[in-house]
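Novice: Below is a structure I'd like to ask you about.
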Amino acid sequence: MIEIKNVTKSFGSLTVLHDISLTIPEGEIMAIVGPSGAGKTTLLQIAGTLDRPDSGSVLFDNTDLFRLKDRKLSEFRNLNIGFIFQFHQLLPEFSALENVAMPALIAGRKRKEAFAEAQRLLTDLGLSQRLDHKPSQLSGGEKQRTAIARALVNKPRVVFADEPTGSLDSRNRDEIQTIISGLRESLGQTFVIVTHDPQMAEIANRTVHMEDGKIIYL
């Protein structure tokens, strides 16, 4: 589904990705592991079109994403890619329901439809009693489940997750792992997960090991 070809990225004099090539198959969980500074998050951000490479390309179903104009790229990202971050990145002034519905509203879906889908996802994730709660009123695990619902609301082809269990205790970590694994089984959802957590990597179909901005082995 996604082909990363010969991607290089530098920040000033520091090269953080060295000629990276990688294929991300549809319907699988891929884990990207390695020590801090290996370039994992940078690779994830480029694959998810949040950042641009200095050279190389990212092909999504043979479409070269970085040849799209900014508006078209934003539209593509909104409809095809979901994101889960370590610290959830929920907007504090909005309820869980509003946070989840927002990407659907941005995509132009009708308000009633967007909120119905947001409510369905939150209910499926065990948050039916938390719809009107703001992030400050949610536990760490509830915030991350809300973030997962937000990532899924537009039915994306792929979800990129950057340390999705990194800020959670062991109980909530296990819960999030179970949810992600279940989504792969029930929906065939593709996940690409940057993680330091060996247990999270264990649920992946394949694991990519990085070091010093290079893929060491798959």
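Novice: For the stretch 26-130, which fully contained helices (runs of 4 or more DSSP H) count at least 1 residues that are over 24 Å from M200 (Cβ atoms) and of a type in the set (G, A, S)? Reasoning before the result, please.
Specialist: Details: elements: 40-47, 70-80, 96-106, 111-124.
By residue number, 70-80, 96-106, 111-124.
Novice: Let me ask another. Give just the number: which of (1) crowded, with 19+ Cβ neighbours inside 10 Å; (2) modelled with pLDDT of 90 or more does D212 not satisfy?
Specialist: In the conditions (1) crowded, with 19+ Cβ neighbours inside 10 Å; (2) modelled with pLDDT of 90 or more, D212 misses (1) alone.
Novice: Collect the residues in the stretch 163-200 that are open to solvent by 20 Å² or more (accessible area, probe 1.4 Å) and within 16 Å of I24 (Cα to Cα), keeping them in residue-number order.
Specialist: R184, G188
Novice: Taking the stretch 25-41 on its own, how many of its residues are touching a helix residue (DSSP H, G or I) at 6+ places or on another chain (Cβ under 9 Å) and within 18 Å of P53 (Cβ to Cβ)? It would help to see each step written out before you state the result.
Specialist: Our first condition is that a residue be touching a helix residue (DSSP H, G or I) at 6+ places or on another chain (Cβ under 9 Å); within the stretch 25-41, this holds for 27-29, 31-34.
After this cut, where a residue has to be within 18 Å of P53 (Cβ to Cβ) as well, the list is 32.
Number of matching residues: 1.
Novice: Taking the stretch 52-75, which residues are within 30 Å of Q177 (Cα to Cα) and open to solvent by 40 Å² or more (accessible area, probe 1.4 Å)?
Specialist: R52, D61, S74, E75
Novice: State the number of residues belonging to the stretch 1-24 that are open to solvent by 20 Å² or more (accessible area, probe 1.4 Å) and among the hydrophobic types (A, V, I, L, M, F, W, C).
Specialist: Residues flagged as open to solvent by 20 Å² or more (accessible area, probe 1.4 Å) and among the hydrophobic types (A, V, I, L, M, F, W, C) within the stretch 1-24 amount to 4.
Novice: In the stretch 167-218, which strands (runs of 3 or more DSSP E) lie fully inside it and hold 1 or more residues that are free of Cβ contacts under 8 Å to residues at least 60 places away in the same chain? Write out each step before concluding.
Specialist: Values: elements: 190-194, 206-211, 214-217.
Correct list: 214-217.
Novice: On to the next question. Every residue in the stretch 154-166 that is outside any loop (DSSP other than H, G, I, E, B) and more than 13 Å from the chain's Cα centre (by Cα), please.
Specialist: Taking the stretch 154-166 first, the residues outside any loop (DSSP other than H, G, I, E, B) are 158-162.
Of everything in the stretch 154-166, nothing turns out to be outside any loop (DSSP other than H, G, I, E, B) and more than 13 Å from the chain's Cα centre (by Cα).
Novice: The conditions are (1) assigned to a helix (DSSP H, G or I); (2) at pLDDT below 85; (3) open to solvent by less than 30 Å² (accessible area, probe 1.4 Å); (4) of a type outside the set (V, I, T), and A151 fails exactly one of them. Which is it?
Specialist: In the conditions (1) assigned to a helix (DSSP H, G or I); (2) at pLDDT below 85; (3) open to solvent by less than 30 Å² (accessible area, probe 1.4 Å); (4) of a type outside the set (V, I, T), A151 misses (2) alone.
The values are calculated or read from the model by the stated rules, or taken from the named source; none is laboratory data. It should be emphasised that the depicted structure is a prediction, and the values quoted were computed from it without experimental measurement. Note that each Cβ is placed from the backbone with ideal geometry, even for glycine, and that neighbours are counted across all protein chains shown. We work out accessible area using only protein heavy atoms, side chains counted, and drop any ligands, DNA or RNA first. Shrake-Rupley method; radii C 1.70, N 1.55, O 1.52, S 1.80 Å.
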